[in-house]
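**Student:** Encoded as structure tokens, here's the structure I'll be asking about.
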Amino acid sequence: QVQLKESGGGSVQAGGSLRLSCTVSGATASSYCMAWFRQTPGNEREGVASINRNGRTTYADSVKGRFTISKDNGNNILYLQMNSLETGDTGTYYCAAATFWIGYIPSLILADFDYWGQGTQVTVSS
């Protein structure tokens with residue numbers, strides 16, 4: 001059982017910054033890829049940023065240049081630094097892990113991830 005727990009969400013004005021964290025525990029196998037997804041009521045969960053165990057990253061076009069995904073391997077923490085936040089970034093952010101190999105390019109596909117956190121709310125006001 002791999003357990004993921006997000007933290008760092010909150011309310012911020014447009015243009016501000018937040019840093020989300022995801023702690024990983026109970027891992028019995030290494031993760032090939034970890035990612036951040038977000039979701040708003042009535043919408044499908046969408047991939048935001050992904051990073052594989054080699055440090056390669058993939059970003060959704062909507063967050064390129066504003067968000068940075070990183071990981072602290074020694075402490076088993078995944079981060080999402082969010083700068084220049086926009087109202088469209090509002091949503092529940094989920095940490096996800098893929099324990100099976102998908103490919104060499106980090107994935108933003110929902111079905112590629114088999115472990116999920118409970119989510120943390122991010123609200124960006126204008």
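**Student:** I'd like the accessible area for C95, computed on protein heavy atoms only with a 1.4 Å probe and all protein chains in place. Round to 10 Å², please.
**Tutor:** 0
**Student:** So, one more: Using Cα springs under 10 Å in a Gaussian network model of the chain, which residue among N76, N54, N43 shows the largest mean-square fluctuation?
**Tutor:** N43
**Student:** Same structure, new question: Relative to the Cα centre, what is the charge dipole magnitude of the stretch 1-107, using +1 at the beta carbon of each Lys and Arg, -1 at the beta carbon of each Asp and Glu, and rounding to the nearest 20 debye? Intermediate values should be presented prior to the final figure.
**Tutor:** Details: 9 positive and 7 negative charges, 52 e Å.
For the stretch 1-107, the charge dipole is close to 240 debye.
**Student:** Under a 1.4 Å probe, what is the accessible area of the chain per residue, stated in Å²?
**Tutor:** That works out to 52 Å² per residue.
**Student:** Go through the cysteines of the chain and tell me which have no other cysteine Cβ under 4.7 Å away.
**Tutor:** C33
**Student:** Quick one: which residues, 5+ away or cross-chain, put their amide H under 5 Å from the amide H of K71? H built at 1.01 Å from N.
**Tutor:** The answer is Y79.
**Student:** Count neighbours as other Cβ atoms within 10 Å of each site's Cβ, and list the GluC sites (Glu not before Pro) in the stretch 34-126 that are DSSP loop with at most 11 such neighbours.
**Tutor:** Hits after loop and neighbour filter: E44.
**Student:** If you take the square roots of the eigenvalues of the alpha-carbon gyration tensor of the chain and sort them as a ≥ b ≥ c, do you get rounded (a/c under 1.5), prolate (a/b over b/c) or oblate?
**Tutor:** prolate
**Student:** So, one more: With θ set to phi - 60°, apply the Karplus curve 6.51 cos²θ - 1.76 cosθ + 1.60 along the stretch 95-111 and write out the HN-Hα couplings as whole Hz, x wherever there is a Gly or Pro.
**Tutor:** 8, 9, 9, 10, 9, 10, 6, 9, x, 7, 9, x, 9, 10, 8, 3, 6
**Student:** To continue, here is another question. Given the Cα-Cα distance of N73 and R53 and 0.36 nm per residue of separation, how much length would full extension add, in nm?
**Tutor:** Separation in residues times 0.36 nm, less the Cα-Cα distance, equals 6.3 nm.
**Student:** Also: Which residues make up the longest stretch of the chain clear of chymotrypsin sites (Phe, Trp or Tyr not before Pro) that lie in a DSSP loop with no more than 11 other Cβ atoms within 10 Å, not counting the sites?
**Tutor:** 1-99
**Student:** Rounded to a whole number, what % of the accessible area of the chain do carbon and sulfur atoms account for, probe 1.4 Å?
**Tutor:** 45
**Student:** Using alpha carbons only, how many angstrom separate the centre of the stretch 1-26 from the centre of the stretch 94-126?
**Tutor:** So the separation of the two Cα centres works out to 12 Å.
The values are calculated or read from the model by the stated rules, or taken from the named source; none is laboratory data. It should be emphasised that the depicted structure is a prediction, and the values quoted were computed from it without experimental measurement. Please note: Cβ atoms are built from the backbone with ideal geometry, for glycine as well, and neighbour counts cover all protein chains shown. What goes into the accessible areas is simple: the full protein's heavy atoms, side chains included, and nothing from ligands, DNA or RNA. Shrake-Rupley method; radii C 1.70, N 1.55, O 1.52, S 1.80 Å.
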